[in-house]
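Below: one structure, written as structure tokens.
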Amino acid sequence: MENNRREFIKVMAKGSALSALGLLMPVSWASADQKPVKITILHTNDTHSQIEPFPENHKRYGGLGGVAKRKTLVEKVRSEEENVLLLDAGDIFQGTPYFNFFKGEIEFKAMSDMKYDAATMGNHDFDNTIDGFSEMLPHADFDFLVSNYDLKNTSADGKTKPYKIFEKGGVKIGVFGVGIKLEGLVSKTCYKETVYQDAIEKAQEMTKLLKQEKNCDLVICLSHLGFKAFHEGDYSDLILAEKTKDIDVIIGGHSHTFLDEPVVKKNAVDKDVLITQVGYAGIKLGRLDFYFNQKTKEKLAYNTDAFNSYLV
């Protein structure tokens, strides 16, 4: 794909009108040294145990979704792109009889088969209690990243990570996760001794660590806060973007919001943050492409038009 066409790229230029209008750039470069490093981020959220496609007679999503078709799409992208990350923003559990019977085993095995790189926890991932979640973790060949749930007095102690750094094409990508406040949303009998910590404060802590101390070139937050706040005083992805700095991308979940393209929000220091979410049930697979200077690893551009389609 990249070798035989031109792509429409939205450029993250410093104050330039190009950031709004886009720049038509040739994908063939004068020399290998000039060619940027391309990073492709694939993402899902709120897949809710939708292992099979919706029935053909479904009133809105007939025949859409299903892990087999998602795997086919993921493998197609991986065959075309060199540097790919596959991430999930939580609520993997609950929604079909697959979860009722298998308690999450099928979901984790399917994601492992697709070679997910990381996920965060959603509120429904506590539905079989934190112990049930912990029991399923051996079936997950990927890391759960949760920075604002203290799990030390639960069976999940030591089984999640606050963040992870991936290196693709020489670019360092820091990924962390934040979860929604559980009290009043999830039964205490399910989350047990899990302690919620302020999502904004933890996000600021993580971004400082990843950007300033670990020198990550791209920082991604897997958020299960919801695109907009459900109640006054709640956090959301929009608020998270506004009140923090150094997050480049928020991959959201919880609110089941279908965004046709990412929303751009200014952060606490007036820099752009991309916020994206692809609804629920694995109906869509999200994609973002980033381009970095090969030598300096400076972020040059992003392309949001490449892929954000129904799983058909």
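No lab work stands behind these numbers, since they all come straight from the coordinates. If you're wondering where the values come from, they're calculated on a predicted model, not measured in any experiment. Here Cβ is always computed from backbone atoms with ideal geometry, including for glycine, and neighbour counts include all displayed protein chains.
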Exercise for the section: Consider the candidate values (i) 1.09; (ii) 1.34; (iii) 0.97; state which one is Cα Rg over 2.2 N^0.38 Å computed from the structure displayed. Expected result: (iii)
Handout entry: In nm, spacing of pseudo-spin labels at E75 and Q34 (7 Å Cα→C-beta vector)
Key = 3.8
Exercise for the section: Check each of the chymotrypsin sites (Phe, Trp or Tyr not before Pro) in the range 186-274 and keep only those in coil by DSSP with at most 16 other C-beta atoms within 10 angstrom; list them in order. Expected result: F230
Exercise for the section: Report the FRET efficiency, 1/(1 + (r/R0)^6), for S112 and V269, where r is their Cβ-Cβ distance and R0 is 45 Å, rounded to 0.05. Expected result: 0.75
Completion exercise
Out of S112, S147, S79, a Gaussian network model of the chain with alpha-carbon springs under 10 Å gives the largest mean-square fluctuation to S79
Fill in the blank from the handout: Bridge orientation stat for the chain from DSSP, antiparallel percent rounded to 5, came to 55
Fill in the blank from the handout: When the charge dipole of the chain is computed with +1 on Lys and Arg Cβ and -1 on Asp and Glu Cβ about the Cα centre, the Cα farthest towards its positive end, among H254, L274, F290, belongs to F290
Exercise for the section: Would you calculate a helix-derived [θ] at 222 nm for the chain, using -39,500 (n - 2.57) for each DSSP H run of n ≥ 4 and dividing by the full residue count, to the nearest 500? Expected result: -5000 deg cm²/dmol
Fill in the blank from the handout: In degrees rounded to 10, the 0-90 angle between helix 67-80 Cα long axis and the longest Cα principal axis of the chain is 20
Fill in the blank from the handout: About its Cα centre, the range 146-283 carries a charge dipole, from +1 on Lys and Arg Cβ atoms and -1 on Asp and Glu Cβ atoms, whose size in debye to the nearest 20 is 360
Handout entry: GluC sites (Glu not before Pro) restricted to the range 203-312 and DSSP loop, no more than 14 other C-beta within 10 Å
Key = E232, E298
Practice task
Determine the dipole magnitude for the chain: charges of +1 sit on the beta-carbon of Lys and Arg, -1 on that of Asp and Glu, nothing else is charged, the reference point is the Cα centre, and the result goes in debye to the nearest 20.
Solution key: 720
